[in-house]
Amino acid sequence: MKIAHISDIHCNYGTDFNSKIYGKAVKLLNKIDTDLIFISGDLTTDGLLSEYELAKDKIKEINGRKVIVPGNHDERNLGWKLFPEFFGDTDFINTYDEIKLIGLASSEPDRDDGRLGRGRHRLIEQGFKQDKKITIIGFHHHVIPIPNSGRETNIIEDAGETLDILLKNNVPLVLMGHRHVPFGVKIHKTLLITAGTFSSNRTRAHFGNTFNIIEIDERKIEVKVVNIRNEKEEKMIEFNFEDGCCTNRYYD
Ligand SMILES: [Fe+2]
Ligand SMILES: [Fe+2]
């Protein structure tokens, strides 16, 4: 199964949204034959109605099955009331072929940091009990500090409890956004993956605008990062379930 993981589109009528890069990114993405596109939040910059309308239109340009969770920016200015209207449920358990995706809203209205809370922790555990499909969890914020993303301020406040639940349940893959840089690391039997920003002008150093392509089967997970400006694709991390071996381009 091939999943595109995109994040932090930041639709906006000010300086945040780079429509040229967005157009290029969509062209690149639409050439890839994906089974699912997961969007890990921050579709808007200020949660405004005009930004939600723009985001809805822009997302239509992406072909394929899309699954979306909100980010902290989407909850600003009562945006949390608009999200379900425009993009549906903020918390869900969806099943696609051999995988199950548990999407969670980690953001809180008018706050940049977030939390999952006991209700969503229960949803993770409940999702696990149902069957033996490969389970993927997706939400906006990060559970561990992300290198190359500046001073740590917005990690979810129940990161410790969340990490404990993910590791105890051997969740193979967790997809997050928010920090505007791509990153991946394996902890115990869990891959923690962050997507960079798809189309915000707020990029960091040379990371630029990126999205991730994830290939997953019963043997392994492989994550590639696509650099939108130069169209280069680089393998970031690979986790082999059979021997537990993981290779990481940042550290190996
Ligand atoms: Fe963002
Ligand atoms: Fe964010």
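The values are calculated or read from the model by the stated rules, or taken from the named source; none is laboratory data. Quick caveat: nothing in here was measured; it's all calculated off a predicted structure. Here Cβ is always computed from backbone atoms with ideal geometry, including for glycine, and neighbour counts include all displayed protein chains. The area values use the complete protein model at the heavy-atom level, side chains included, leaving out ligands, DNA and RNA. Shrake-Rupley method; radii C 1.70, N 1.55, O 1.52, S 1.80 Å.
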Handout entry: Criterion: surrounded by 18 or more Cβ atoms within 10 Å (Cβ to Cβ), aliphatic (A, V, I, L, M) and more than 16 Å from the chain's Cα centre (by Cα) - qualifying residue of L48, L101
Key = L48
Problem - Output for the range 1-42, where each listed residue is acidic (D, E), more than 16 Å from ligand 2 (Cβ to nearest atom) and in contact (Cβ under 8 Å) with a residue 60 or more places away in the chain - result: D35
Exercise for the section: Check the range 212-220 and report whether any residue there is in a strand (DSSP E or B) and open to solvent by 60 Å² or more (accessible area, probe 1.4 Å). Expected result: yes
Practice task
Could you please let me know if V174 is away from ligand 1 (no atom under 16 Å from the Cβ), open to solvent by 20 Å² or more (accessible area, probe 1.4 Å) and not in a loop (DSSP other than H, G, I, E, B)?
Solution key: no
